[in-house]
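First comes the structure, then the notes that go with it.
The values are calculated or read from the model by the stated rules, or taken from the named source; none is laboratory data. The model shown is predicted, which means the values in this text are computed figures rather than measured ones. All Cβ positions, glycine included, derive from the backbone under ideal geometry; neighbour counts span all protein chains shown. Remember, those area values only see protein heavy atoms, side chains included, never the ligands or the DNA or RNA. Shrake-Rupley method; radii C 1.70, N 1.55, O 1.52, S 1.80 Å.
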Amino acid sequence: METKIYPDYETLSAAVAQIMFDTIQQKPTAVICLASGHTPLLPCQLFVKKANDEHLHISEATFLGLDEWVGVPPENEGSCHYFLYNTVFNPLGLQAGQIHLFNSMADDLSIECITMDEVIENNGGIDLMIVGIGMNGHIGFNEPEVSFTNLSHVIELDKTTIEVGQKYFPAATTLSKGITIGLQHLMNTKQVLLIANGEKKATIIQQTIESEVSNQIPATIMQTHKHGVIMLDDAASSKINKIN
Ligand code: GLP
């Protein structure tokens, strides 16, 4: 694992966008897995602009959604679905066959998990995963105590996630479960970028980088990924012991 620090959110976002662009330019059939949330907003916007301005050949790439709130419909502004379609998929003009998201409204969520696992396998694995980090150290909805060997799964949300998650919704929303790509998939991914910005993430980032690897802080799994990069702005890096 490597840690990279950028002066601010804008330069961090530009660097992430460039990696997304390069990944698809070098491998037009690349499989890209994207988190939603506030952190990936500018990286995704910059990527879309660059891809469109420079006519990136994107019609063979596959895009996966990392996670979704169970029971929140796609038209809800707070859903991951809404974020990804509005920020990335629609502005890029992707075809339906290039996009695979969990349908968190499905009656049988286990089929959603199996389907996602099959999509990943049938496409030869994930080339690039871009994830954020929750205030409790989750990645996607891989909450504290999750198994590191999970593939796609449904999980009870942690209290912190339910509270913090309200920030995405226009009105108070009942959240109890999430459906997510698991950490075994993260470990199998060719390159993983964990991105964080702002001082509010400084403590969990310091713990992610400096604590022992443990499922109490799921993001510590990044320490064991050979091609894992933690990309931070200056504020999010402010509590790391930079001597080490
Ligand atoms: C959410 C999502 C994650 C996201 C994380 C951080 O709950 N499940 O996929 O990366 O929390 O979100 P943000 O970037 O808004 O801080």
What would the Debye equation give as log₁₀ I(q)/I(0) for segment 102-203 at q = 0.19, 0.21 Å⁻¹, counting only Cα atoms as equal point scatterers? -1.06, -1.23
How much of the DSSP beta bridge set in segment 2-233 is antiparallel, as a percent to the nearest 5? 30
Glu10 to Lys50: extension gain in nm, 0.36 nm per residue of separation minus the Cα-Cα distance? 13.0 nm
Prolate/oblate/rounded label for segment 167-238 (Cα gyration tensor, a/c 1.5): oblate
Please check the chain for the longest run free of trypsin sites (Lys or Arg not before Pro) that are loop-located per DSSP (anything but H, G, I, E, B) and have at most 14 other Cβ atoms within 10 Å. 1-225
Summing -39500 (n - 2.57) over the DSSP H runs of n ≥ 4 in the chain and dividing by its residue number, what mean residue ellipticity at 222 nm do you reach, to the nearest 500 deg cm²/dmol? -8500 deg cm²/dmol
Quotient of Cα Rg and 2.2 N^0.38 Å for segment 1-132, N being how many residues it contains: 1.05
Quick calc, the chain, dipole around Cα centre from Cβ unit charges on Lys, Arg (+) and Asp, Glu (-), nearest 20 debye, gives 560
Quick one: pull the percentage of alpha-carbon pairs in the chain with a separation above 23 Å. 45
Nearby aspartates and glutamates by direct alpha-carbon distance to Lys226 (threshold 15 angstrom, same-chain neighbours under 8 apart not counted): Glu2, Asp127
Between beta-carbons, use under 11 Å as the cut-off and find the net charge around Gly198, counting Lys and Arg +1, Asp and Glu -1. -2
Full-extension gain between His38 and Asn90, please, as 0.36 nm times their residue separation minus the C-alpha to C-alpha distance. 16.9 nm
Probe 1.4 Å, accessible area per residue of the chain, Å²: 44
What FRET efficiency comes out for Val154 versus Gln206 if R0 is 25 angstrom and r is the Cβ-Cβ distance? Round to the nearest 0.05. 0.25
May I ask you to derive the FRET efficiency for Glu121 and Gln223 from their Cβ-Cβ distance with R0 = 25 Å, giving the value to the nearest 0.05? 0.45
Taking R0 as 22 Å and r as the Cβ-Cβ distance between Asn188 and Ala106, the FRET efficiency 1/(1 + (r/R0)^6), rounded to the nearest 0.05, comes to 0.35
Run the accessible area of the chain with a 1.4 Å probe and give the carbon-and-sulfur part as a rounded percent. 50
Averaging over all projection directions, find the projected area of the Cα convex hull of segment 132-188 and quote it in nm² with one decimal place. 3.8
